[in-house]
Amino acid sequence: MTYILPLRHASDRALAGAKAAGCAALMRIGVPVPRGFVLTTKAFEVFLLYNSFDAVRRHLLDQFLSKSNEEELLGECLKAQFGARWGDFPPEVKKELLPSYADLADPVVVRSSTTIENGRAGAVAGVYRTELQIRAARIMQAVLECWSHAFSYTAISHALRHDVNPMKISLALLVQEMVSAQRSGVLFTQDPSRPDSDAAVVDITTDPRGRATLRLDRRTPDRLLKIGLRIERALGGPQEIEWAERDGIFWFLQTRPIACRELREELPAVSEAAT
């Protein structure tokens, strides 16, 4: 069994999760995506079996269904996370992970890619773990850290609030070379707060700690927006696209349909811009 997928071939969400599948779609469109690979849900499932953690997940679910004391539940989750964080790494997964990592340039980012993102369980930004600036000596610990968040209070309570069984959520990990960005942000190819308008919204973060949110006319010749609209056409609907820019090159880190418009009402006040 293989536990690694080349990113370009990570279109099966059951194996690669939604985030990785979105990156694979971007690569097929032909826009720049950082090099990487996917540690599949099969690797996560082997990790659970190797450490008997399926029983831990079932125990946590039973506790959530039978208890209402948030402090007790949080304690149970922290204990389970600690155990997962220091769990044994399956040797067959390690055997595939390390050579795949060696093909990438340090440092990398390890990003969680779940099988149920922005669908029945709503938006999951911030629910699962991302590990930044990871080098070879820490790659396995970064993977364990991300896997451990399947046991977190946030992840379990989020799933249950949306009537999803946490046991049915599997976790892939997206491992990519990091982009040392001068600017980064999120592009909404259709303004999510005004879906009937002919406007897009771009949220821009610059170093150090500058931030701006602009509303753009979708007909303007903005380079980032033109690529975003190309992605929108290829994927068949308005997209929320994560991007980073370095030395004039835009890199694309994630795309997903704009599905949860009610969650976008907290966007900062935007400024109108012609370009």
Just checking, which of GLY83, GLY30 is under 30 Å from SER184 (Cα atoms) and out of contact with any Leu (no Cβ under 9 Å at 6 or more places or on another chain)? GLY30
Which one is nearest to ALA244 (Cα to Cα) among residues in segment 193-221 that are among the small types (Gly, Ala, Ser) and part of a loop (DSSP other than H, G, I, E, B)? SER193
Return the residues of segment 214-255 that are among the polar types (S, T, N, Q) and touching a residue at least 60 places away in the same chain (Cβ under 8 Å); say none if nothing qualifies. GLN254, THR255
Those residues that are more than 25 Å from LEU253 (Cα to Cα) and free of Cβ contacts under 8 Å to residues at least 40 places away in the same chain, I need them from segment 91-110; list them, please. PRO91, LYS95
For segment 236-248, enumerate the residues that are within 19 Å of the chain's Cα centre (by Cα) and over 23 Å from ALA181 (Cβ atoms). PRO238
Consider only pairs whose beta carbons are under 7 Å apart and that are at least six residues apart or on different chains; among these, list those whose first residue lies in segment 68-90 and is free of Cβ contacts under 8 Å to residues at least 24 places away in the same chain and whose second residue is of a type outside the set (A, V, I, L, M). GLU76/GLN63
Can you find a residue that is among the aromatic types (Phe, Trp, Tyr), in contact (Cβ under 8 Å) with a residue 60 or more places away in the chain and closer than 26 Å to ALA10 by Cβ anywhere in segment 148-155? yes
Give the number of residues within segment 2-45 that are in a strand (DSSP E or B) and buried (at least 21 other Cβ atoms within 10 Å of the Cβ). 5
Out of ARG194, ARG219, ARG223, ARG230, sole residue that is closer than 15 Å to ILE258 by Cα, surrounded by fewer than 17 Cβ atoms within 10 Å (Cβ to Cβ), of a type in the set (D, E, K, R) and over 21 Å from the mean Cα position of the chain (by Cα): ARG194
Residue under question is ARG57, and the condition is that it be basic (Lys, Arg), modelled with pLDDT under 95 and closer than 17 Å to LEU174 by Cβ; does it hold? no
Can ARG8 be described as closer than 27 Å to LYS226 by Cβ, basic (Lys, Arg) and out of contact with any helix residue (DSSP H, G or I) (no Cβ under 6 Å at 6 or more places or on another chain)? no
Would you check which residues across segment 131-163 are surrounded by 17 or more Cβ atoms within 10 Å (Cβ to Cβ) and touching a strand residue (DSSP E or B) at 6+ places or on another chain (Cβ under 9 Å) and list them? GLU131, ILE134, ILE139, ALA142, VAL143, GLU145, CYS146, TRP147, HIS149, ALA150, ALA155, HIS158
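The values are calculated or read from the model by the stated rules, or taken from the named source; none is laboratory data. Since the model is a prediction, treat every value here as computed from it, not as a measurement. Cβ coordinates were reconstructed from backbone atoms using ideal geometry, including for glycine residues, and neighbour counts include every protein chain displayed.
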